[in-house]
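Visitor: Questions regarding the structure given below will be posed in turn.
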Amino acid sequence: MSHRIRIFLLLAIATGLLMPVALAQKPPAAAPPPPPSSTPGRPATGAPAGSQPNQPGDELVMFLRGRVATHDGAPVPHDMLVERICNNRVRQQVYASLHGDFSMQLGSRTDSFPEASAEPTSPYGVTNRDSTMGIPRRELTNCELRASASGFHSNVISLLDLDTFGGSVDVGVILVQRSTKIEGATLSAIPYKAPKDARKAYEKGLEAERHGNLADARKYFETSVRIYPSSANAWFQLGTVLQKDNQSDAARKAYTQATTVDTRFLPPYLSLASMAYQTANWRDVIDFTGHILDLDPFNHAAATTYILDLDPLSYADAYFYNAVANYKLNKIEDAEKSALKAEHLDLRPHFPQVHLLLAEIFAGKNNYAMAVAEIQTYLALAPHAKTADQARAQLAEWEKLNGPAPTTEKPDPR
């Protein structure tokens, strides 16, 4: 064997002997990453396709709780109503207890009307969501709470910055303050300057009217104003009796006389506005309601005192008449402003037509989403009205113009 071949064989043998030693000294390979199922806090199965992680704004709020308290510590009125207003629309109403506590359940179809959602285009909350599951917190960002009762005005609690978490939120205290009269701002039921015989005739007239005896009531009120013609109350009550007896011209004269006696006594102005509304005398409607609204105690920008001749709920009537009159005279902006005010004040809805009016105004501005929401509210309040079928046909047209998202599902036949 040659010398060169012998060296080659020795090198091969040495390499074979050293290889196990080198492998033994090599650092171990890094362990493979654990499978997803071994990660702490993670489920063994993957997330469903198309699912999205929950965001903080998606947290559901199921209850708003709080308390109504009077500014002077007096008992809360039995008819104190707590309202949730979203995007300037009343979305939900509940009554406070006699102790002032209230609880408002969100997202349930058993809620007080109108139902839960803050979105005007979704009257029952988030689509495809169980109706008992509450409302996403983000939907409350344009909402506020207030309290309403005759003779009171309320502070407002914004739901924009809810700083608590969980399904039940304590909003704190809604403070209400009694509206105050100033001496001389209103007239008493029986003018203190009236002679005794005039006051006695006035009282008998009220009693006869309560018992439906219009003939006697008219006689007593006529006696009262003959003895004391400066009684605005007596003139107003005489006008009321005459109107009930279908004597419109005579009633109008009595109401007008009452306004002549005292321009701050508001009930006859509302009666005159109502009569002008019935005869479509729109300019007179604006004149009469304009006088009332200039003294509206809830219009803080226009009045510094609270004139309580009218039940506060009656201001909804004045705003409604004013809105229709402005609309008929093509004063759309003024009509919208008054209609929104009427909607705000109409706590026991007896003017569902205001929602039809707002629907027409919004549709005229091509805001079909709001028009649809308003007409849906009208149909919920007055499903059997004479104009209900016409309103449903209009609703279908505006829903098309609103451009609903295309879908391959068949529409619900209901």
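The values are calculated or read from the model by the stated rules, or taken from the named source; none is laboratory data. Not measured: the values here are computed from a predicted model. Here the Cβ positions follow ideal geometry from the backbone for every residue, glycine too, while neighbour counts run over all protein chains shown.
Rundown of residues vs (1) modelled with pLDDT under 95; (2) of a type in the set (Asp, Glu); (3) within 18 Å of Ala232 (Cβ to Cβ), yes/no style:
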| residue | (1), (2), (3) |
| --- | --- |
| Arg264 | yes, no, yes |
| Trp282 | no, no, no |
| Ile286 | no, no, no |
| His291 | yes, no, yes |
| Asp296 | yes, yes, no |
| Ala302 | yes, no, no |
| Tyr306 | yes, no, no |
| Ser314 | yes, no, yes |
| Asn322 | no, no, no |
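Visitor: What's the number of the only condition in (1) at pLDDT below 90; (2) touching a Lys or Arg at 6+ places or on another chain (Cβ under 9 Å) that Ala251 fails to meet?
Guide: Exception for Ala251: condition (1).
Visitor: Test Gly107 against the stated conditions and say whether it is buried (at least 21 other Cβ atoms within 10 Å of the Cβ), in contact with a strand residue (DSSP E or B) (Cβ under 9 Å, 6 or more places away or on another chain) and modelled with pLDDT under 80.
Guide: The answer is yes for Gly107.
Visitor: How many of the residues making up segment 60-75 are assigned to a loop (DSSP other than H, G, I, E, B), under 21 Å from the mean Cα position of the chain (by Cα) and under 11 Å from His99 (Cα atoms)?
Guide: 0
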